[in-house]
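Structure record follows, encoded as structure tokens.
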Amino acid sequence: SCDFYVSPARRSSGFRATTIMAVEFDGGVVIGADSRTTTGAYIANRVTDKLTPIHDRIFCCRSGSAADTQAIADAVSYQLGFHSIELDEPPLVQTAANLFKQMCYRYREELMAGIIVAGWDKRRGGQVYTVPMGGMLVRQPVSVGGSGSSYIYGFIDSKYKSGMTKEECLRFTADALALAMERDGSSGGVVRLAAITESGLERSVILGNQLPTFFSA
Amino acid sequence: MAAVSVCRPQCGGFSFENCKRNTLLEANVAKLGCSLPPARKTGTTICGVVYKDGVVLGADTRATEGMVVADKNCSKIHYISPNIYCCGAGTAADTEMTTQLISSNLELHSLSTNRLPRVATANRMLKQMLFRYQGYIGAALVLGGVDCNGPHLYSIYPHGSTDKLPYVTMGSGSLAAMAVFEDRFKPNMEEEEAKQLVRDAIAAGIFNDLGSGSNIDLCVITKGKVDYLRPHDEANKKGVRLEEHVGAAETGDYKYKHGTTGVLTKQVTTLQLEVMDESVQTMDTS
């Protein structure tokens, strides 16, 4: 088939091709994702929540195999929770990102997981780390992932500017995801957004008929 | 990870490509000198719905072994704990053993915590076990129950991914059942409405999917009460053979009364037999 990240063995269960995105701003991060989980051509879940809390102020965006990413996220949130209790302090986003990297790199042959870790901590403020398939770890001010990301690299490169406010980041993310969902068959449903700052978490949903619209032939 | 072979763009939904070929074959069966193959049946329809007071789980009752129905009335809704039940699709042995294992572990856990088990706990145990076996345990489950946090419904795939949703379907008849749900589901339905919806969804699977059949089982779970309705609806009752000639009730007897068939002519021919030799052979009874 034409799917980019599919291997036949993965097809039978909830496999996800996706669009996920995260943007840093001064004081926090904005993360977003579409909501489609597919098994082959059937949409198994059209309202998936791919933005998973790992800790109070740390989230991860999941793309790739649903089973693998759920298992990894569960394992990392356990490890991070334990670490945070030992420290008696909220954990660093970099720590969470490294835990993801260690797991994704060690089991790189067995796993199919592209993860973006984003959150806020006291030391470095809002941070976005990307852990693509293979287990690389790199910090980026803006990061996209999943099969739908290919369609929006140009949009991201042209529209991103540093020093955006939270509202600008939210609009930027919503626009980018809407464009990707329009073009990528494996992405769709609703747009889930979250803004993570020191004071807390604001989650929102943009339903299908409320998505930003662009030129369509 | 890219596929090396030339690929065709994947179109979604149902594929009707074989319909033209099938009509052509049906028309020319006699000429081709072959017979149409019988329908091959594999699979299941299971589903669940969250309503105002709890969850309703539903399942068909056909178990197939290749092309043969192995069990016309098998039970696909498995007990996990007094407040949690689980429907299973896929390999029957896998769903049976997996649910029994988790049920046993959950009972021990419940005794240890001195609390009624939670659906999320059962979900965690099931997904971690299925992920550990990397999809080789072919169990696709619909897990539902009511605990201290209210009613919950999960769908669990063989590779270990789970989705928490207000309505789910699994099995080969899942598309037919999901069509019914997407049309008529509303949040906070009444019990009768929810039962009717699940019944109709399973019926859609039974009558439109070759892999599902027989009766409809329902399981209604509310806080403090479980109604295991088996069968809830005998959608496929076996026909009664009518023996008008032998009276009202059927006896399974193939005898017909004299005069059923009209006799036109009668001809008796005696056979000329001569006794040649008469001997007795004793049986060896030692």
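The values are calculated or read from the model by the stated rules, or taken from the named source; none is laboratory data. These numbers were taken from a predicted model, which means no experiment stands behind them. For neighbour counting, all protein chains shown are included, and Cβ atoms are generated from backbone atoms with ideal geometry for every residue, glycine included.
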How many residues are on the phi > 0 side of the Ramachandran plot and modelled with pLDDT under 95 if we restrict to the range B:135-157? 1
Restricting the range B:134-148 to residues that are more than 12 Å from chain A (Cβ to nearest Cβ) and out of contact with any Pro (no Cβ under 8 Å at 6 or more places or on another chain), which is nearest to B:Gly90 (Cα to Cα)? B:Val142
Any residue at all in the range B:171-188 that's at the interface with chain A (Cβ under 9 Å from one of its Cβ atoms), buried (at least 17 other Cβ atoms within 10 Å of the Cβ) and either touching a helix residue (DSSP H, G or I) at 6+ places or on another chain (Cβ under 6 Å) or in a strand (DSSP E or B) (or both)? no
Boolean, A:Gly148 is exposed (fewer than 12 other Cβ atoms within 10 Å of the Cβ), on the phi < 0 side of the Ramachandran plot and assigned to a helix (DSSP H, G or I): no
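Within the range A:151-181, work out how many residues are surrounded by fewer than 17 Cβ atoms within 10 Å (Cβ to Cβ) and assigned to a helix (DSSP H, G or I). Lay out the reasoning, then the answer.
Pass one, the range A:151-181, residues surrounded by fewer than 17 Cβ atoms within 10 Å (Cβ to Cβ): A:153-155, A:157-163, A:165, A:167-168, A:171.
Add one more test, that the residue is assigned to a helix (DSSP H, G or I), and what stays is A:153-155, A:157-159, A:167-168, A:171.
Selection size over the range A:151-181: 9.
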Residue identified as within 11 Å of another protein chain (Cβ to nearest Cβ) and crowded, with 17+ Cβ neighbours inside 10 Å among A:Thr52, A:Thr37: A:Thr37
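Got at least one residue in the range B:60-71 being under 25 Å from B:Lys225 (Cβ atoms) and hydrophobic (A, V, I, L, M, F, W, C)?
no
Taking the criterion of being part of a helix (DSSP H, G or I) and either surrounded by fewer than 19 Cβ atoms within 10 Å (Cβ to Cβ) or among the polar types (S, T, N, Q) (or both), would at least one residue in the range B:151-166 satisfy it? Give the steps one after another, and end with the answer.
Here is the first cut: in the range B:151-166, the residues part of a helix (DSSP H, G or I) are none.
The answer is no; no qualifying residue exists.
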Any chance the range A:111-123 includes a residue that's of a type in the set (Lys, Arg) and either buried (at least 18 other Cβ atoms within 10 Å of the Cβ) or over 15 Å from A:Val23 (Cα atoms) (or both)? yes
Counting only residues in the range A:56-96 that are of a type outside the set (Val, Ile, Thr) and within 15 Å of A:Ile31 (Cα to Cα), the one nearest to the other protein chains (Cβ to nearest Cβ) is identified as A:Arg62
Does B:Val146 fit the bill of being part of a strand (DSSP E or B), surrounded by fewer than 24 Cβ atoms within 10 Å (Cβ to Cβ), in contact (Cβ under 8 Å) with a residue 12 or more places away in the chain and of a type outside the set (Ser, Thr, Tyr)? yes
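Okay, residues lined up against (1) at pLDDT 80 or above; (2) aliphatic (A, V, I, L, M); (3) out of contact with any Lys or Arg (no Cβ under 9 Å at 6 or more places or on another chain); (4) part of a strand (DSSP E or B):
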site	(1), (2), (3), (4)
B:Ala30	no, yes, yes, no
B:Leu36	no, yes, yes, no
B:Thr42	no, no, yes, no
B:Cys47	yes, no, yes, yes
B:Val56	yes, yes, no, yes
Does at least one position in the range B:3-22 carry a residue that is at pLDDT below 75 and part of a helix (DSSP H, G or I)? yes
For B:Ile156, all conditions in the list (1) under 26 Å from A:Leu111 (Cβ atoms); (2) among the β-branched types (Val, Ile, Thr); (3) touching a Gly at 6+ places or on another chain (Cβ under 9 Å) hold save one; what is the number of the exception? (3)
Can you tell me how many residues in the range A:14-43 are part of a strand (DSSP E or B), modelled with pLDDT under 95 and not hydroxyl-bearing (Ser, Thr, Tyr)? 3
Please indicate, with yes or no, whether at least one residue in the range B:63-86 is within 15 Å of B:Tyr157 (Cβ to Cβ) and either at pLDDT 95 or above or surrounded by 16 or more Cβ atoms within 10 Å (Cβ to Cβ) (or both). yes
Would you mind stating whether B:Leu130 is within 10 Å of chain A (Cβ to nearest Cβ), more than 13 Å from B:Gly48 (Cα to Cα), among the hydrophobic types (A, V, I, L, M, F, W, C) and more than 18 Å from the chain's Cα centre (by Cα)? yes
